[in-house]
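Visitor: My questions all concern the structure below.
No lab work stands behind these numbers, since they all come straight from the coordinates. Given the structure is predicted, the values throughout are model-derived calculations rather than measurements. Cβ: placed from backbone, ideal geometry, glycine included. Neighbour counts: every protein chain shown.
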Amino acid sequence: MSKLMIIGCGGVARVAIAKCCQNSEVFTEIMIASRTVSKCEALAEELRPITKTVITTAQVNADNVEELTALIKGYAPDAVLNVALPYQDLTIMEACLAAGVHYIDTANYEPENTDDPQWRAVYEKRCEELGFSAYFDYSWQWAYREKFEKAGLTALCGTGFDPGVTSVFTAYALKHYFDEIHTIDILDCNGGDHGYPFATNFNPEINLREVSAPGSYWENGKWIEVPAMSIKREYDFAGVGMKDMYLLHHEEIESLAKNIPGVKRIRFFMTFGQSYLTHMKCLENIGMLSTTPIMYEGREIVPIQFLKALLPDPASLGPRTKGKTNIGCIFTGIKDGKEKTLYIYNICDHEECYKEVGSQAISYTTGVPAMIGAMMVTEGIWQKPGVFTVEEFDPDPYMEALNKWGLPWVVDENPKVVE
Ligand SMILES: NC(=O)c1ccc[n+]([C@@H]2O[C@H](COP(=O)([O-])OP(=O)(O)OC[C@H]3O[C@@H](n4cnc5c(N)ncnc54)[C@H](OP(=O)(O)O)[C@@H]3O)[C@@H](O)[C@H]2O)c1
């Protein structure tokens, strides 16, 4: 029996909340708290007739630590699940510490204003020392370790699909199939078609920032950075078929490189269609992906925010998207002195997800693990004082929960590897 506060009421939150309501034996009470309370109330109205979970709602600005702390203290949940934006990670962690409750999220910290000189100084030092230039990294949240340890509280970072399930797959492979893992290739394939020439599956600003940035991977103890979209492979995905995929920087590479002993190389690939890439390149070339404000007819506008206003709302893609996703990891390594290869993946169908919870598979594959991570913490299955990523816990109960709650996985002991 758990009481959970959920912050944010967007695409991912909708699925996480629907799943908590399906799991009402565990989540007896939830509060949905977000910036726009009318969205929380509308979702609560939709779910109340079909769940035993008691749902309350509240308006909150999660950038404001004091306001948020007061709300958490008043509701007194067992934990807070952050499914707002990565911009709010640190303020929500602060409020959890002040109120004495556990913390869970799905994406590591990224600043909203990357021109902030204080943040920029730390960022530039990190780029130089570590060798990757992504705007997000774990250092900001790992800095809270001692505070969470002293408070006896758990902070569970990155319980979405990637990061999240992909790291649990890694811990599971290491526990049951390998003595040593040497390489990890994380493959994220979206074979869905929404019928538009160009649209993003989640928040366009976060999505386009990620995809247009340089790619990087971990090899022999260091980061190697390459120009955006410069490493391309083809792969024949079960349930989807042949797709082009491109190497991207991704946050779980950073924590897996620390937590998987003896790992020599970790890469992340995502599939993109030619139409998406051509549109993105064109928008980039003409300056529409810029985050720097410009003056237009006496008014300041940020090009990427203007673009966001023109693009289809990701939430509106749900009813139109057909096809499947296939996300998983290919491992190579050693078991009992012999070389071994293994692939663990999940296939998810966009239309089935829409039928079940009114969202497409991108939100579904993130929202289900967000609920499962919250359950692991509030039920005391994954609790230890400090700040952790998901591969640092026993993967078995989480893997069982994936099968039960809509993301069944497949183990292939003879997969084709990526060159
Ligand atoms: N690990 C993974 O696999 C994975 C995959 C996809 C996404 N994610 C992460 O999931 C999270 C949610 O993504 P999404 O696509 O659901 O985003 P979204 O649809 O844009 O929803 C974000 C929600 O947060 C709310 N919010 C924003 N700023 C706030 C503030 N200051 N105070 C209170 N609420 C605030 C928004 O309120 P309004 O309604 O007022 O705008 C909105 O309801 C993000 O952190 C994203 O990076 C993780």
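Visitor: Looking at this model, which pairs from Lys147/Lys175; Lys3/Lys147; Lys125/Lys335; Lys52/Lys384; Lys19/Lys324; Lys335/Lys384 are more than 28 angstrom apart at the alpha-carbon?
Guide: Details: Lys147/Lys175 30 Å; Lys3/Lys147 23 Å; Lys125/Lys335 40 Å; Lys52/Lys384 30 Å; Lys19/Lys324 20 Å; Lys335/Lys384 30 Å.
Going by Cα-Cα distance, Lys147/Lys175; Lys125/Lys335; Lys52/Lys384; Lys335/Lys384 fall outside the 28 Å limit.
Visitor: Sorted by packing (mean other beta-carbon atoms within 10 Å per residue), highest first, where do 111-120, 150-159, 311-320 land? It would help to have the intermediate numbers written out before the result.
Guide: Values: 111-120: 12.0, 150-159: 22.7, 311-320: 16.7.
Per-residue mean Cβ counts within 10 Å order the peptides as 150-159, 311-320, 111-120.
Visitor: Let me ask something additional. For the range 373-388, take each phi angle, set θ = phi - 60°, evaluate the Karplus expression 6.51 cos²θ - 1.76 cosθ + 1.60, and give the result in whole Hz per residue in order, putting x for glycine and proline.
Guide: Values per residue, Gly and Pro as x: x, 4, 5, 4, 6, 5, 7, x, 6, 10, 10, 7, x, x, 10, 9 Hz.
Visitor: Shape of the range 171-307 from its Cα gyration tensor (a ≥ b ≥ c, root eigenvalues): rounded if a/c is under 1.5, otherwise prolate when a/b > b/c, or oblate?
Guide: prolate
Visitor: Mind checking the log10 I(q)/I(0) for the range 2-157 at q = 0.09, 0.15, 0.21 Å⁻¹? Debye, one equal scatterer per Cα, no solvent, two decimals.
Guide: -0.31, -0.79, -1.31
Visitor: About its Cα centre, how strong a charge dipole does the chain have in debye, to the nearest 20, once Lys and Arg get +1 and Asp and Glu get -1 at the Cβ?
Guide: On the way: 37 positive and 57 negative charges, 75 e Å.
Around 360 debye, computed over the chain.
Visitor: Got a sec? How would Met5, Met295 order by Cβ neighbour count within 10 Å, fewest to most? Kindly include the intermediate steps, with their values, before the conclusion.
Guide: Values: Met5 28, Met295 8.
Final ranking by Cβ density, sparse to dense: Met295, Met5.
Visitor: Determine which aspartates and glutamates satisfy two conditions relative to Lys338: a Cα distance under 19 Å, and not lying fewer than 8 residues away in the same chain.
Guide: Hits, sequence-local ones excluded: Asp179, Glu180, Asp412, Glu413.
Visitor: 222 nm [θ] for the chain, helices only, -39500 (n - 2.57) per DSSP H run of 4+, per residue, to 500?
Guide: The helix contribution divided over the chain gives -11000 deg cm²/dmol.
Visitor: Another one. Full extension from Tyr87 to Cys127: what is 0.36 nm times the residue separation minus their Cα-Cα distance, to one decimal in nm? Intermediate results must be reported in sequence, preceding the final value.
Guide: Numbers: separation 40, 0.36 × 40 = 14.40 nm, distance 1.96 nm.
Going from the current span to full extension adds 12.4 nm.
Visitor: If you don't mind, there's one more thing I want to ask. Rounded, prolate or oblate: which fits the range 380-419 when a ≥ b ≥ c are the square roots of the eigenvalues of the alpha-carbon gyration tensor, with rounded for a/c under 1.5 and prolate only if a/b beats b/c?
Guide: In terms of gyration-tensor shape, oblate.
Visitor: Under the Karplus relation 6.51 cos²θ - 1.76 cosθ + 1.60, θ = phi - 60°, what is the ordered set of whole-Hz ³J(HN,Hα) values for the range 189-196, x standing for Gly and Pro?
Guide: Going residue by residue, I get 10, 10, x, x, 10, 9, x, 8 Hz, with x marking Gly and Pro.
Visitor: Exposure proxy check: Met93, Met31, Met270 ranked by fewest other beta carbons within 10 Å? Don't skip to the end; give the middle numbers.
Guide: Working: Met93 26, Met31 23, Met270 20.
Placing the least packed residue first, the sequence is Met270, Met31, Met93.
Visitor: So who's got an amide H within less than 5 Å of the one on Thr106, skipping anything under 5 residues away but keeping other chains? H placed 1.01 Å off N, in plane.
Guide: Gly158, Thr159
Visitor: Could you give each residue of the range 323-330 its phi-based ³J(HN,Hα) in whole Hz, using Karplus coefficients 6.51, -1.76, 1.60 with θ = phi - 60°, and x for Gly or Pro?
Guide: Per-residue couplings from phi come out as x, 10, 9, 9, 10, x, 9, 9 Hz.
Visitor: Search the structure for amide H atoms under 5 Å from the amide H of Lys335, placed 1.01 Å from N in the peptide plane, and list their residues when 5 or more places away or on another chain.
Guide: Here the answer is Asp179, Lys340, since their amide H atoms fall under 5 Å of that of Lys335.
Visitor: May I pose another question? Amide H neighbours of Thr28 under 5 Å, counting only residues 5+ apart in sequence or on other chains, H built in-plane at 1.01 Å?
Guide: Here the answer is Ser2, since their amide H atoms fall under 5 Å of that of Thr28.
Visitor: Any idea how far apart Ile231 and Lys175 come out in nm if each label point goes 7 Å out from Cα toward Cβ?
Guide: That separation, rounded to one decimal, is 2.9 nm.
Visitor: Another one. Which of Thr321, Thr291 comes first, and how do the rest follow, when ranked by fewest Cβ neighbours within 10 Å? Before the final figure, lay out the partial values.
Guide: Numbers: Thr321 23, Thr291 16.
Ranked by crowding around the Cβ, least crowded first: Thr291, Thr321.
Visitor: Moving on to the next point. Quick check: residue separation of Met1 and Asp394 times 0.36 nm, minus the Cα distance between them. What number comes out in nm? Show your work: numbers first, answer last.
Guide: Details: separation 393, 0.36 × 393 = 141.48 nm, distance 2.13 nm.
Gain in length upon complete extension: 139.3 nm.
Visitor: Something else: To the nearest 0.05, what FRET efficiency results for Thr28 and Arg120 with a Förster distance of 41 Å applied to their C-beta separation?
Guide: 0.35
Visitor: Continuing with this model, one more query. Per 10 Å bin, what is the whole-percent P(r) computed from every C-alpha pair distance within the chain?
Guide: 4, 22, 33, 28, 11, 1, 0
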